[in-house]
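Structure first, then comments.
The values are calculated or read from the model by the stated rules, or taken from the named source; none is laboratory data. Just so it is clear, the model here is predicted, and its values are computed rather than measured. Here the Cβ positions follow ideal geometry from the backbone for every residue, glycine too, while neighbour counts run over all protein chains shown. Just so you know, the surface numbers come from the protein's heavy atoms only, side chains and all, with ligands and any DNA or RNA stripped out. Shrake-Rupley method; radii C 1.70, N 1.55, O 1.52, S 1.80 Å.
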Amino acid sequence: MSNSTTEPVQPLSTEQLSATTLLRFATAGSVDDGKSTLVGRLLHDSKSVLTDQLEAVERVSASRGAEAPDLALLTDGLRAEREQGITIDVAYRYFATARRRFILADTPGHVQYTRNMVTGASTADLAVVLVDARNGVIEQTRRHAAVAALLRVPHVVLAVNKMDLVSYEESVFARIAEEFTAYASELGVPEITAIPISALAGDNVVEPSSNMDWYGGPTVLEHLETVPVSHDLTSCHARLPVQYVIRPQTAEHPDYRGYAGQIAAGTFRVGESVTVLPSGRTSKVAGIDLLGTAVDVAWTPQSITLLLEDDIDISRGDLIVPSGDVPKATQDIEATVCHVADTALAVGQRVLLKHTTRTVKAIVKEIPSRLTLDDLSQHPEPGQLVANDIGRVLVRTAEPLALDAYADSRRTGSFLLIDPADGTTLAAGMVGAAFAAPTDAPAEAEAPADEAGWDF
């Protein structure tokens, strides 16, 4: 067991931080798999816990009669989580080592909180799926793997926890790793790494375990520090959603007109021919301003101001793309959605669809199927989706949208469905196929006329 005290955190210098890469990762596990303990152990043993935080955990643990600090309390921040000993909300933690910076999303594993896991894993480069070594791969484990595959998480770590309770047996770990790897591979997960650990004792979390000398792979932290975070900008579809049009109209900048936004994908260069959607007008990049400095090239996820050679009518919600890589605009969108609202999403429902910085009116035309993540079975024509459901939808928008497939771009291939009455987020959508080829779109029914602008 590791010591219960920790050294004061030594923050990394600006030079060190600038030299490290950023890894976003999410954790998921079934009830009592020890996920929060793993996260707490990872933060504690990597010297990422402040002294006052550890003292607070020690006080709460002592009040419960525990002999050692309950490291799960470092992440279970809600009162209900601490009282019930479970994770409900997504807890984000930011920490860094000398080799890499991390944003950790500790997500709940319960079926009724699937929407929370989808939220936490949607931007993750890696997912850590915990399994209790005594129970092996169960239905919730398969569901977590399916969510990771659905969200196109490129790296998955299988952390087989509580190895101390199975006497650190190699055969137990090998059997679980083989079963999970076979299942996740069928879902299309590109890379799977299995690591035997004991979060409570600290085995193979930050330091190698002397109890499992048969294991020669990396610890959890070592893998997190070394897993490749590849951003091949040359192969990405360059996309700049316009957030704001900058026109100072001052004596110093009387004719300045810049289009500000965060590059969603790819790279932009001065002199490059670009097309503005949905108008289809073309121009060339005359300049790029980055943090007040003119640059020749910019890439995702930088926030920039783009200047064009021609004066074009551009406003918030427009999309600037290279003229040689223009996405096809469409009003009919087939996608997989995770329903996150407490109210149901039904066929014929009028919604707002938000894609990058553009929001348009839309109607849910069809809900062809609902997906059961436990066994990946399809339930045809459910009629509606309720909270935590994942299903296929056909949505028709009032205006054409330029979307990419989610498999090609997680940023420009995703969208939100919003309740136009109160602004509540109803569902998060991913354009294109989920696990199998998309079904044929059914013939469109005649839409009733509507004076409020929903007739499209």
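Quick notes on this one:
- For residue 432, the test of being under 22 Å from the mean Cα position of the chain (by Cα) and on the phi > 0 side of the Ramachandran plot is passed.
- Just one of (1) within 30 Å of residue 32 (Cα to Cα); (2) in a loop (DSSP other than H, G, I, E, B); (3) open to solvent by 30 Å² or more (accessible area, probe 1.4 Å); (4) modelled with pLDDT under 95 fails for residue 185. It is (2).
- Restricting the stretch 43-79 to residues that are touching a strand residue (DSSP E or B) at 6+ places or on another chain (Cβ under 8 Å) and modelled with pLDDT of 70 or more, the residue that is farthest from residue 162 (Cα to Cα): 48
- Scoring residue 98 on the criteria (1) open to solvent by 20 Å² or more (accessible area, probe 1.4 Å); (2) closer than 21 Å to residue 143 by Cβ; (3) modelled with pLDDT of 70 or more leaves a single failure, condition (2).
- Any hit, the stretch 149-161, residues being in contact with an Asp or Glu (Cβ under 6 Å, 6 or more places away or on another chain) and open to solvent by 30 Å² or more (accessible area, probe 1.4 Å): no
- Among residues that are small (Gly, Ala, Ser), over 30 Å from residue 299 (Cβ atoms) and surrounded by fewer than 19 Cβ atoms within 10 Å (Cβ to Cβ), residue 209 is not included.
Yes or no, residue by residue, for (1) under 30 Å from residue 169 (Cα atoms); (2) more than 15 Å from the chain's Cα centre (by Cα); (3) open to solvent by less than 50 Å² (accessible area, probe 1.4 Å):
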{"site": "92", "(1), (2), (3)": "no, no, no"}
{"site": "104", "(1), (2), (3)": "yes, no, yes"}
{"site": "112", "(1), (2), (3)": "no, yes, no"}
{"site": "120", "(1), (2), (3)": "no, no, yes"}
{"site": "139", "(1), (2), (3)": "yes, yes, no"}
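- Only one of the numbered conditions (1) surrounded by fewer than 19 Cβ atoms within 10 Å (Cβ to Cβ); (2) in contact (Cβ under 8 Å) with a residue 40 or more places away in the chain is not met by residue 313, and that is (2).
- Residues satisfying the stated conditions in the stretch 319-334, i.e. at pLDDT below 95 and buried (at least 21 other Cβ atoms within 10 Å of the Cβ): none
- Any hit, the stretch 258-277, residues being loosely packed, with under 13 Cβ neighbours inside 10 Å, touching a residue at least 24 places away in the same chain (Cβ under 8 Å), outside the structural domain of residue 99 (by the TED database) and over 30 Å from residue 97 (Cβ atoms): yes
- Within the stretch 214-288, strands (runs of 3 or more DSSP E) holding 2 or more residues that are over 29 Å from residue 154 (Cβ atoms): 244-246, 258-262, 273-277
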